[in-house]
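The structure under discussion appears below in the form of structure tokens.
What follows is calculated from the coordinates using simple rules that are stated; it is not laboratory data. Computed from a prediction, not measured in an experiment: that's the story for all the values here. Positions of Cβ are backbone-derived with ideal geometry, glycine not excepted, and every protein chain shown enters the neighbour counts.
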Amino acid sequence: MNNIIFFGPPGAGKGTQAKIISKYLNVPHLSTGDILRKKLLDNDNLANELKEIMSAGNLVSDDILNSIVSLRLKQEKNNGFILDGYPRTLIQSEFLDNFLSETSNSLNFIFNIHINFELLKQRIIKRSSEESRDDDNINVLETRYNEYINSTQKVSNFYKDKFPKMFYEIDGSLQINQISEKIKQILKKPWYSAKFLDILSWLNMQLSCIHPQSFFGFNYGKNIRR
Ligand code: AMP
């Protein structure tokens, strides 16, 4: 069974990749942002409260998120899951860990998509012209990005330390299909060879910041033979 988490700042492309991988593996995609946006259509008190929090770019309470996710995971308990946008706080990750161990489940893959803030800004501006999300504008992006740095990055670091073998760094500046190909390759390989390629990719990404040609002299995403 595939139980997967996608991490990344707003606009990094985790939703896009989660959808592609959900189809590829035939595993349910659980986007907490999508679930909350659907709830906004109810126009009741809770919806009004959520709208205020979300349109300002702040995080919705852990209690609300934990109950949404546990309900959905119970429904999908035999199908696996792809979590997109959850867990975003350490309290949520603790809740998820307890939930998984109580239901004799575990995680298999964690993908952390990273991308610099300038590129994020360009993407959010583009997305705001395609979708009408209240939180897709530059002022709100800053709040969302800060929530990510101050809260969610602690969660991804926690998972990186706890599960190094299943944690993969993904370069979010690549094209959509390059990213999904890379993820699919990782999903297909035994962890030790996928991990080796991941370390090479990560080193290449770091070094290419210093020298555009990169230390290894190749663009990992494009040229490496698998
Ligand atoms: P997203 O579509 O994942 O960018 O989420 C959109 C908004 O929904 C976020 O900015 C938060 O306000 C809210 N949200 C989604 N997931 C969570 C979560 N796990 N914890 C708290 N708030 C969330």
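Tell me the angle of helix 45-55 to the major Cα principal axis of the chain, expressed in degrees between 0 and 90 and rounded to the nearest ten.
Computed tilt is about 30 degrees.
How large is ³J(HN,Hα), in whole Hz, for each residue of segment 197-203 in order, when computed from phi with the Karplus curve 6.51 cos²θ - 1.76 cosθ + 1.60 and θ = phi - 60°, using x for Gly and Pro?
Per-residue couplings from phi come out as 5, 5, 5, 4, 4, 5, 4 Hz.
Taking the number of other C-beta atoms within 10 Å as the exposure measure, put 99, 7 in order starting with the fewest.
If I rank by nearby Cβ atoms, fewest first, I get 99, 7.
Would you mind computing, in nm to one decimal, how far apart the modelled labels at residue 196 and residue 105 are, each placed 7 Å from Cα along Cα→Cβ?
If labels sit at residue 196 and residue 105, their model points lie 3.3 nm apart.
For the Cα atoms of the chain, what angle does the longest principal axis make with the long axis of helix 90-102, in degrees from 0 to 90, nearest 10?
90 degrees
In degrees from 0 to 90, rounded to the nearest 10, what is the angle of the helix 14-25 Cα long axis to the longest principal axis of the chain?
80 degrees
Among the aspartates and glutamates, which fall within straight-line cross-link reach of residue 154, defined as a Cα-Cα distance under 14 Å, with same-chain neighbours fewer than 8 residues apart omitted?
Cross-link targets: 94.
Can you check how the C-alpha radius of gyration of segment 3-189 compares to 2.2 N^0.38 Å, as a plain ratio?
Normalised Rg, Cα atoms only: 0.99.
Per residue of segment 167-179, what does 6.51 cos²θ - 1.76 cosθ + 1.60 with θ = phi - 60° give for ³J(HN,Hα)? Whole Hz please, x for Gly and Pro, Karplus curve as stated.
9, 10, 7, 10, 7, x, 8, 6, 5, 3, 5, 5, 5
Taking the chain as a Gaussian network, where each spring joins two C-alpha atoms under 10 Å apart, which residue of 187, 207, 59 fluctuates the most?
Comparing 187, 207, 59 in a Gaussian network model of the chain, the most mobile one is 207.
Of 152, 204, 57, which is farthest towards the positive pole of the chain's charge dipole, taken about the Cα centre with +1 and -1 on the beta-carbons of Lys, Arg and Asp, Glu respectively?
Positive-end residue among those listed: 204.
Say the cut-off is 25 Å between C-alpha atoms; which of 23/121; 162/189; 39/162; 74/126; 39/121 go over it?
Those over the limit are 23/121; 39/162; 74/126; 39/121.
Using the charge dipole of the chain (Lys, Arg: +1 at Cβ; Asp, Glu: -1 at Cβ; taken about the Cα centre), state which of 179, 83, 45 has its Cα farthest towards the positive end.
Of 179, 83, 45, it is 179.
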